[in-house]
Amino acid sequence: MPKYMLIMRNGGSAQDYADMDFEAIINAMGAYNESMMDAGVLIAGEGLTDAAQGAVVEFTGEAPIVTDGPYGEVHELFNGFWTVQVATQDEAIEWAKRAPLGTGNKIEVRRVTDESDFAQYEDNEYIQKEKGWRADQEAAAGR
C-alpha cells in the first residue's frame, strides 16, 4: 500500500499563532492524530520548531553554503508533517482535509516513492543495499 506525506504549510503570521489558545491547538491536533492511529493509517507525524531556529544548506556552488533560518517566504515554510499509509491519493487527501488547521494554512499531499519507482534500476548496487537496509530497520523495529 502506498505511503503519502501530508506536509503542513503555515499561511499565517507568527502573531496569528501567538494569539491562539495553544492548549486548544494541542487538543485538536492530538484528536486528529489519534483518529489516524485508530484508523491504522498513521506511520509518523512530527511538528517542527520555528524556522528561525533552523538552518539551510544550499547547494549553489562548489561548496555547500549554510545560512541561518528562516529561508524563503512564510507561505513557503512548512511546520510539520504526517506520513500515512493508505490505498490511494484520494484517501490521503481526505485525511488531509480533516486536519484542524486555520484559514490560510495548506497541506501538500505527495506520494512517498517506493521500489516500483526505481524498477528500471533494480540491479543497481544501492537499490539492492536499500532493500537490505529497510529489512534491517523493520527487524530492529520489531515489525
> Out of (1) over 30 Å from residue 25 (Cβ atoms); (2) loosely packed, with under 11 Cβ neighbours inside 10 Å, the odd one out for residue 103 is which?
Replying inline: (1)
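Let's see how each residue does on (1) free of Cβ contacts under 8 Å to residues at least 60 places away in the same chain; (2) touching an Asp or Glu at 6+ places or on another chain (Cβ under 6 Å); (3) among the small types (Gly, Ala, Ser); (4) closer than 15 Å to residue 81 by Cα:
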residue: 93; (1), (2), (3), (4): yes, no, no, yes
residue: 106; (1), (2), (3), (4): no, no, no, yes
residue: 115; (1), (2), (3), (4): yes, no, no, no
residue: 124; (1), (2), (3), (4): yes, no, no, no
residue: 130; (1), (2), (3), (4): yes, no, no, no
residue: 135; (1), (2), (3), (4): yes, no, yes, no
residue: 140; (1), (2), (3), (4): yes, no, yes, no
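With respect to residue 54, is the statement that it is of a type outside the set (A, V, I, L, M), over 25 Å from residue 93 (Cβ atoms) and loosely packed, with under 10 Cβ neighbours inside 10 Å true?
No; evaluated as a whole, the condition is false for this residue.
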> Is there a residue in the range 34-50 that is of a type in the set (Gly, Ala, Ser), surrounded by 13 or more Cβ atoms within 10 Å (Cβ to Cβ) and closer than 15 Å to residue 10 by Cβ?
Replying inline: no
>> Looking at residue 56 and the list (1) touching a residue at least 40 places away in the same chain (Cβ under 8 Å); (2) over 16 Å from residue 7 (Cβ atoms); (3) out of contact with any helix residue (DSSP H, G or I) (no Cβ under 9 Å at 6 or more places or on another chain), which single condition is not satisfied?
In response: (1)
> Looking at this structure, is residue 95 farther than 25 Å from residue 141 by Cα and either at pLDDT 95 or above or assigned to a strand (DSSP E or B) (or both)?
Replying inline: yes
> Restricting attention to the range 26-44, which residues are in contact (Cβ under 8 Å) with a residue 40 or more places away in the chain and of a type in the set (Val, Ile, Thr)?
Replying inline: 41, 43
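The values are calculated or read from the model by the stated rules, or taken from the named source; none is laboratory data. Computed from a predicted structure; not experimentally measured. No Cβ is skipped: glycine too gets one built from the backbone with ideal geometry, and neighbour counts run over all protein chains shown.
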